[in-house]
Amino acid sequence: MAGSQEISSSTQNFTEIFDIANDMVIFIDGSVSLVLEVGAMNFGLLAEDEQDAAIYAYAGLLNALSFPIEIVIRSHTKDVTNYWDNLDVAIEKANSDIKKAQIARYRDFVGELVQEGNVLEKDFLIVINANSLDLGMVSAKSFLPWQKEDMDMSKMDKGEIYSKAQAWLEPKKSQVVDALARVGLGAKQLNTQELVKLYYTGYNFADAQGVIVGETTDYTTPLVTTGK
């Protein structure tokens with residue numbers, strides 16, 4: 001059609017993510033985040049004095065922070081792909097047809113249970129963010145509505161952004177991890193592949209089962225594949 005404009009779109013145009021590398025995420029507004037995965041505590045099994053100690057330690061953690069954090073609790077269907085694979089191996093190794101049939105029936109039972117949504121797990125995450133002002137990419141006036149500066153991330157040096165972000169975020173990450181340890185909770189930073197899987201499953205909930213993330217430095221093969 002004469003005068004028509006070519007329409008170009010991709011999934012990335014509909015997300016806020018610009019890049020994931022170096023165990024961090026760059027967003028289209030120039031901010032950078034790292035994500036900590038935090039272990040769980042069975043609070044109900046603690047004695048009363050232990051519960052009080054955990055509460056006071058957690059309150060101390062929050063009061064000691066001089067920067068914002070985001071606490072995310074993510075519920076999702078448990079991925080039992082590896083468990084299924086192990087059952088398949090067990091079926092092959094079974095030394096009788098009766099055992100093979102029993103394991104196969106159990107495997108089908110687990111599959112039906114998961115498909116019905118009855119097997120859920122929770123991820124406990126803490127996100128620490130550095131905005132574009134923290135990283136010196138924009139001036140303070142850009143945060144005023146009438147002085148807002150549009151950023152073209154494609155023209156930015158990603159290596160420099162990651163370097164500045166790591167210098168800004170690393171001490172804050174250490175402070176949070178140490179404070180969580182005093183509460184009795186372990187925490188670890190998600191690496192690049194784990195971040196890719198986290199955001200992929202967040203945007204593609206129906207395909208969350210069996211997601212496999214390839215090497216992020218290999219651009220000749222699909223980065224994410226699913227069990228479907």
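The values are calculated or read from the model by the stated rules, or taken from the named source; none is laboratory data. Worth saying up front: this structure is predicted, and the values here are computed from it rather than measured. Cβ sites come from the backbone with ideal geometry, for glycine too, and all protein chains shown count toward neighbours. Side chains included, ligands, DNA and RNA excluded: accessible areas come from the protein's heavy atoms. Shrake-Rupley method; radii C 1.70, N 1.55, O 1.52, S 1.80 Å.
Return yes or no: is Asp49 more than 18 Å from Ser174 (Cα to Cα), of a type in the set (D, E, K, R) and at pLDDT 90 or above? Considered against the rule, which asks whether it is more than 18 Å from Ser174 (Cα to Cα), of a type in the set (D, E, K, R) and at pLDDT 90 or above, Asp49 comes out as yes. If we scan region 201-217, do we find a residue that is of a type in the set (Asp, Glu) and modelled with pLDDT of 90 or more? Among the residues of region 201-217, not one is of a type in the set (Asp, Glu) and modelled with pLDDT of 90 or more, which makes the answer no. Might you check whether a residue that is open to solvent by less than 30 Å² (accessible area, probe 1.4 Å), of a type in the set (S, T, N, Q), in a loop (DSSP other than H, G, I, E, B) and touching a residue at least 60 places away in the same chain (Cβ under 8 Å) occurs anywhere in region 33-52? No, region 33-52 has no match at all. The residues on offer are Ile69, Ile73, Ile26, and the sole one that is closer than 21 Å to Ala187 by Cβ and surrounded by 13 or more Cβ atoms within 10 Å (Cβ to Cβ) is Ile69.
Residue count for region 11-51, restricted to those that are within 23 Å of Val176 (Cα to Cα) and β-branched (Val, Ile, Thr): 6.
When Asp85 is tested against (1) open to solvent by 60 Å² or more (accessible area, probe 1.4 Å); (2) within 30 Å of the chain's Cα centre (by Cα); (3) of a type outside the set (A, V, I, L, M, F, W, C); (4) within 30 Å of Asp178 (Cβ to Cβ), only condition (4) is not met.
Restricting region 53-68 to residues that are of a type in the set (Phe, Trp, Tyr) and assigned to a helix (DSSP H, G or I), the residue that is nearest to Lys173 (Cα to Cα) is Tyr58. Checked across region 69-76, the condition of being more than 19 Å from the chain's Cα centre (by Cα), of a type outside the set (A, V, I, L, M) and not in a helix (DSSP H, G or I) holds for no residue.
Among residues of region 82-97 that are over 15 Å from Val114 (Cβ atoms), those with a Cβ under 9 angstrom from a residue that is open to solvent by 80 Å² or more (accessible area, probe 1.4 Å) and in a helix (DSSP H, G or I), sequence gap 6+ or separate chain, pair up as Ala90/Lys99; Ile91/Lys99; Ala94/Gln102. Taken together, the criteria exclude Lys173 from residues that are in contact with a strand residue (DSSP E or B) (Cβ under 7 Å, 6 or more places away or on another chain), surrounded by fewer than 16 Cβ atoms within 10 Å (Cβ to Cβ) and modelled with pLDDT of 60 or more.
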